Amino acid sequence: MGSSHHLADALSGPKRLAATVRRGLGGRWAQRKGDSFTKAYAVNLSHRLPLLYLVVVFNCVLMSLRFQSLTPVWIFLFGPLVIGSFAIWRAYYWLPDRVAGRSMATLRSDLRGMSWLGAASGLVFGLWAMLLSAYGDESSQSFIHYIVAVTLFSGVLGLGHAPLTALRIAFALTIPTSLQTLFSGHSNALEVVLVQTVVTALLLLITNGHHRDFVKLELSRQRLVRRERQAALLAKDNMLQATVDPLTGALNRRAILARLEAELAAKHTGTAAAWLALIDLDGFKHINDTYGHAAGDTVLATIASRFASVEHVKSYGRLGGDEFAVILDAALDEAAVRKLANDLSDALRAPVIHANVVLRLSGSIGVHRVAGRSASDCLERADAALYKAKEQSDGTVVVFSPDDETELLQRATITRQFNNSNLEQRIKLVYQPIVDLTDNSITGFEAFARWSPDGQSWLTPGQFMSLAVATGRTGEMTRMVLARAMSECRTWEQGRTLSINLAPRDVMRAGTPDVLSQLMDEAGAPPQSIILEVTERALLDDPKRAEAQLKAFRARGFRIALDDFGAGWSSLSQVHSLPLDIIKIDQALSRALASDPGARALVSSIVSLTWQLGIDCTIEGVEDEAQAETARSLGIRLMQGYHFGHPAPAEQAMARLASAA
């Protein structure tokens, strides 16, 4: 009896649904929408059809009992045995649990066939009722008509979301039974048929309204589900963007710092503190500059993937550039974490293949047991350990120690003092002579800055220049030192030179040549009397830009001296391309001259190079006569060091020049 119809029945016909879906959506997504509606439609019917079939079974039994003594056996048994069995089977078939497990193809087939199957079963039920009615009196016929009407009304109401099926069942039951009633001679035939017809029509109209409401509701629900799914996907995508570094697949800076904050929170609850390792890739810039950024990207992604395979790594992320943060298991003691960090360092040394090129690099690692008030405290300490590791050599591991904590606090204090100090009041200049041994004459002076945090103790540039870099005051200090030096030590008036040291950042900073040239013009100093000293280290990060900057200084008349040559980064093959006037040999070689044949051989090579390039050569840090004589024997005439004079204030330097004249 009353069954469902295809999904098309839900939208008044399969063609209408298909057209609607194609117009609004199209393609595979449209099919998914249709499948979703079909599933919802079938599930809804599964909660109604079993009850409707049970009504049919119950009514068959009532009618059979009423006519068992009036009709042949096969007639009164036909209803409960045949129609009832069929109804029980269909009720079982449409149980919700069974419908939920069916494939979409089966559901579509069921919905297509049930409309006509329901109409056919309704017709069979009606014909059986008519056959029974022929054996009864007027009272029995009224009973039959009543049961048929109840069954029909139940079917129409039960199929409230399937109006096409309800309509077919109504026609299958109403037409034959009404005709029989009209021609049976029943006293109330016309009234009974009229009531049944009107009520059936009204119920069909109500059913059609329920159907439309169901369709609207279901389509709205599906739209809501799709929007929720899209919102979930968008939220997931946003979460990935907010937490994952797209290049390496590791956590990004925000996410790894959040993990670090979580470790701090866990520590406050009394659990053991995890370890934070900061890793900086040594040689990464060289790979980027030599092989391109694609190679650098490959290196970063490969390195990140290696962290994932290391035991005891809880999480890892990219802080930016070529720096990574790794959180290590809290259960490790210092010896174990040091070994693990060394294993990480070894893993970083493994070659990386990019475009058939073997790329090699290492990683310096600073490690700190998570402690402090915030993630920034932890990062600061791990970074201090990393800085110390990079100073030692590539691939070194340093674990932050109590001594490092003391040093860090002292450095933080002195950094604040430097940042807040008035450089005009806290910096003084001293001058050391540069001597020509051919006649023991002074050719010029080099200016050295001294900074005092308290006005009593004075620190050398080696002790405070890193503070100027950290606070961003190198440019300010260079301008002040040059202006003061040219004001108080006017060596050019005695035909001598004045040497000023430039910080690496000043060498590379755009506009520095113009600023220094203006200061020189304001002091009235001839350009050739001012020597700008730059270290080899200042030229390493960006050699091409450094060369262009040095040429800009030369174009404004300054002379250029390469300071601390031979301190460990020397490249004799590259010196010839730089616009230099002087090479100053590092004092470490000077101290070794008298006792180390290797040092003498290296200095001899440097002297030969300067002769070939046609530039001067000065040796620094000469402290005794033996060093001076050895340097003279190697062909060096310009020397500087305590053996010839300690750095002194400008008054003493100028007085010495006056006495020499």
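The values are calculated or read from the model by the stated rules, or taken from the named source; none is laboratory data. Given the structure is predicted, the values throughout are model-derived calculations rather than measurements. Note that each Cβ is placed from the backbone with ideal geometry, even for glycine, and that neighbours are counted across all protein chains shown.
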Exercise for review: Give the residue, chosen from 605, 590, that is in a helix (DSSP H, G or I), in contact with a Gly (Cβ under 8 Å, 6 or more places away or on another chain), at pLDDT below 95 and of a type in the set (Gly, Ala, Ser).
Suggested key: 590
Check your understanding: Does residue 584 satisfy the condition of being of a type in the set (Lys, Arg) and either in contact (Cβ under 8 Å) with a residue 60 or more places away in the chain or assigned to a helix (DSSP H, G or I) (or both)?
Key -> no
Review point. So residue 595 clears everything in (1) in contact (Cβ under 8 Å) with a residue 12 or more places away in the chain; (2) farther than 28 Å from residue 488 by Cβ; (3) more than 55 Å from the chain's Cα centre (by Cα) except one condition, right? Which one?
Key: (1)
Exercise for review: Please give the helices (runs of 4 or more DSSP H) falling wholly within region 261-354 in which 3 or more residues are more than 17 Å from residue 248 (Cβ to Cβ), among the charged types (D, E, K, R) and touching a residue at least 12 places away in the same chain (Cβ under 8 Å).
Suggested key: 334-349
Revision key, fill the gap. Taking region 222-251 and keeping only residues that are surrounded by 14 or more Cβ atoms within 10 Å (Cβ to Cβ), at pLDDT 85 or above and part of a helix (DSSP H, G or I), one is left with 243
Exercise for review: Please enumerate the residues belonging to region 466-523 that are hydrophobic (A, V, I, L, M, F, W, C) and either under 20 Å from residue 540 (Cβ atoms) or outside the structural domain of residue 655 (by TED's automatic domain parsing) (or both).
Suggested key: 468, 469, 470, 502, 503, 507, 508, 510
Study note, to complete from the structure: Turns out the helices (runs of 4 or more DSSP H) fully within region 359-432 with at least 2 residues that are over 32 Å from the mean Cα position of the chain (by Cα) and farther than 29 Å from residue 285 by Cα are 402-420, 423-426
Point to revise | Residue check for residue 82: under 18 Å from residue 173 (Cβ atoms), modelled with pLDDT of 85 or more and of a type in the set (A, V, I, L, M) | key: yes
Revision key, fill the gap. Listed by first then second residue, the pairs whose first member lies in region 425-451 and is surrounded by 23 or more Cβ atoms within 10 Å (Cβ to Cβ), whose partner is among the hydroxyl-bearing types (Ser, Thr, Tyr) and not in a strand (DSSP E or B), with beta carbons under 6 Å and at least 6 positions apart or on separate chains, are 444/491; 445/491
Exercise for review: Being closer than 29 Å to residue 547 by Cα, under 51 Å from the mean Cα position of the chain (by Cα) and hydrophobic (A, V, I, L, M, F, W, C) narrows it down to one of 580, 613, so name that one.
Suggested key: 580
Point to revise | Residues within region 444-483 that are aliphatic (A, V, I, L, M), under 43 Å from the mean Cα position of the chain (by Cα) and modelled with pLDDT of 90 or more, tallied | key: 1
Point to revise | Only one of 510, 525 that is under 21 Å from residue 428 (Cβ atoms) and not hydroxyl-bearing (Ser, Thr, Tyr) | key: 525
**Study point:** Options 62, 95: the member that is in the same structural domain as residue 222 (by TED's automatic domain parsing), of a type in the set (A, V, I, L, M) and touching a Pro at 6+ places or on another chain (Cβ under 7 Å)
**Key:** 95
Check your understanding: Looking at region 472-580, what strands (runs of 3 or more DSSP E) fall wholly within it and have at least 1 residues that are of a type in the set (S, T, N, Q) and closer than 26 Å to residue 658 by Cβ?
Key -> 497-501
